[in-house]
Amino acid sequence: MRVKLWGTRGSLAASGPDTVAYGGDTSAVELRIDDDTALVLDAGSGIRRLSDELAHCRRIDVLLTHLHMDHIQGLGFFAPLLDPDVEVHLWGPASPRFTLEHRLSRYLSPPLFPVRLRDTDNVYVHDLDPGTVELGGATVQADFVVHPGLTYGYRITADGGTVAYVPDHEPALGAVDFPGDPEWVSGFDLVNGADLLIHDAQYTEEEYETRRGWGHSTFRHAAALATLAGASRLVSFHHDPAHDDAMLDAVAAAIEEWDVPFEFVPGKAGIGFDL
Amino acid sequence: MEQQPIELILLRQWASYLDIPVWLMDVHGDLLFYNEPAEAILGLRFEEAGRINASQLSEIFGTTRLDGSPMPAEELPIVAAMHTGRPAHGELRFGAADGVWRRIKVTAFPVDAMGRRHGVVAMFWESEAG
């Protein structure tokens, strides 16, 4: 399984000379099991550039963690959505009252977007329940995690490798002794023993003090979860739009000094992994 | 031990901050958590007891109707909420682990999400010394 990061920014795209190394595009991750099919994790602005890479795919499955704008705003610019020769399957959480298609259509319809989702003939929208589904040669496990609104984390296993993708996650929210007992830690089952953990690391400790409950983690929270669950590698993700390359490099250098049982990889757009 | 569903994790966190006694039970009837205010009524510290299996609950705690007659399980608000999927409320006599009987009121809610039942959360309080 090959994994490539196309957008690692959180909350809002942040392009500019200060964000070249980590990238300014919002969440989008490519997973390839073979050359004909692809899994895409989230549809932030990073999914636009991914379009060309998937030109030969006849089926693409896009797994949405949730419907905050930074995770869906690239959908309208994802070229396969307008290619009748490609089947695009969108998966994600329904709400108690509305289907995923209904919820997505709030964005993919006027006045927010000129094209209606229902006007595409090659797009299939699936309400995804918590649990496991087989997609494109991979086993995909979806489970809800702590974040405002209905939000999934995903665990994808294929070719003997496992990647856990939890881009928006605040497992420390309200926890008295985080990380504590795994039975009571959001996301633990998704991350448990993963070869690669792509995880929310939006805030510094200082920033978190004034942003509790906003649904995101500090670098230390991400490291604590990775340690508790025995992940082999931790990739920082969902970088705050205010964090420039210099700041993120400084944090990465500091983490190198931490005594942690995993490999830390700064989440820069464009990097890839073979599992 | 597998991770609990997110709905129960959040309820436990929520309960740990409240002044009202809260009891959190999973779909199997196991008592997963109760908060500090609940300890005074249950007569047992959670840190000492930990999770209590459904089969042990009746050995540790007692319940009767207000007149002291035996209370069928289905009359217990927690059991009613679990079985009917609707909130339930009731008043009963509760025998705590420390041997003290108290008259309590209980309001229980099913923890249902995305079409699945994960358990029941109950709030309870002492209605008067009994």
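The values are calculated or read from the model by the stated rules, or taken from the named source; none is laboratory data. The structure displayed is predicted, hence computed values, not measured ones. Cβ placement follows ideal geometry from the backbone for every residue including glycine, while neighbour counts extend to all protein chains displayed.
Figures for the structure shown
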item: Residue match in segment A:20-43 (condition: among the aliphatic types (A, V, I, L, M), in contact with an Asp or Glu (Cβ under 6 Å, 6 or more places away or on another chain) and more than 20 Å from A:VAL163 (Cα to Cα)); result: yes
item: Sole exception among (1) without any contact (Cβ under 8 Å) to a residue 24 or more places away in the chain; (2) within 10 Å of chain B (Cβ to nearest Cβ) for A:HIS147, by number; result: (1)
item: Unique residue being touching an Asp or Glu at 6+ places or on another chain (Cβ under 8 Å), within 14 Å of chain B (Cβ to nearest Cβ), within 27 Å of A:ASP200 (Cβ to Cβ) and in contact (Cβ under 8 Å) with a residue 60 or more places away in the chain when the list is A:GLY153, A:GLY136; result: A:GLY153
item: Test: residue in segment A:64-83 that is β-branched (Val, Ile, Thr), crowded, with 24+ Cβ neighbours inside 10 Å and within 21 Å of A:MET1 (Cα to Cα); result: yes
item: Candidates A:TYR124, A:TYR107 - the one that is touching a residue at least 12 places away in the same chain (Cβ under 8 Å), part of a strand (DSSP E or B) and surrounded by fewer than 21 Cβ atoms within 10 Å (Cβ to Cβ); result: A:TYR124
item: Selected residue (criterion: nearest to the chain's Cα centre (by Cα)) from residues of segment A:25-49 that are in contact (Cβ under 8 Å) with a residue 60 or more places away in the chain and more than 14 Å from A:ILE156 (Cα to Cα); result: A:SER27
item: Selected residue (only one of B:THR107, B:THR84, B:THR63 is surrounded by 20 or more Cβ atoms within 10 Å (Cβ to Cβ) and of a type in the set (S, T, N, Q)); result: B:THR63
item: Selection status of B:VAL79, away from chain A (no Cβ under 14 Å), within 30 Å of A:SER186 (Cβ to Cβ), at pLDDT 95 or above and part of a helix (DSSP H, G or I); result: yes
item: Top-ranked residue of segment A:186-223 - restricted to ones that are part of a strand (DSSP E or B) and among the hydroxyl-bearing types (Ser, Thr, Tyr), ranked as nearest to the other protein chains (Cβ to nearest Cβ); result: A:THR218
item: Of all residues making up segment A:27-41, the number that are under 17 Å from A:MET1 (Cβ atoms) and assigned to a loop (DSSP other than H, G, I, E, B); result: 4
item: Qualifying residue in segment A:258-269 (condition: surrounded by fewer than 18 Cβ atoms within 10 Å (Cβ to Cβ) and out of contact with any Ser or Thr (no Cβ under 9 Å at 6 or more places or on another chain)); result: yes
item: Hey, B:ASP26 within 14 Å of chain A (Cβ to nearest Cβ), modelled with pLDDT of 95 or more and in contact with a His (Cβ under 8 Å, 6 or more places away or on another chain) or not; result: yes
item: Neighbours by Cβ (under 8 Å, 6+ apart or cross-chain): first from segment A:170-181, within 10 Å of another protein chain (Cβ to nearest Cβ) and under 13 Å from B:ILE6 (Cβ atoms); second of a type in the set (Ser, Thr, Tyr) and surrounded by fewer than 21 Cβ atoms within 10 Å (Cβ to Cβ); result: A:GLY174/B:SER16; A:GLY174/B:TYR17
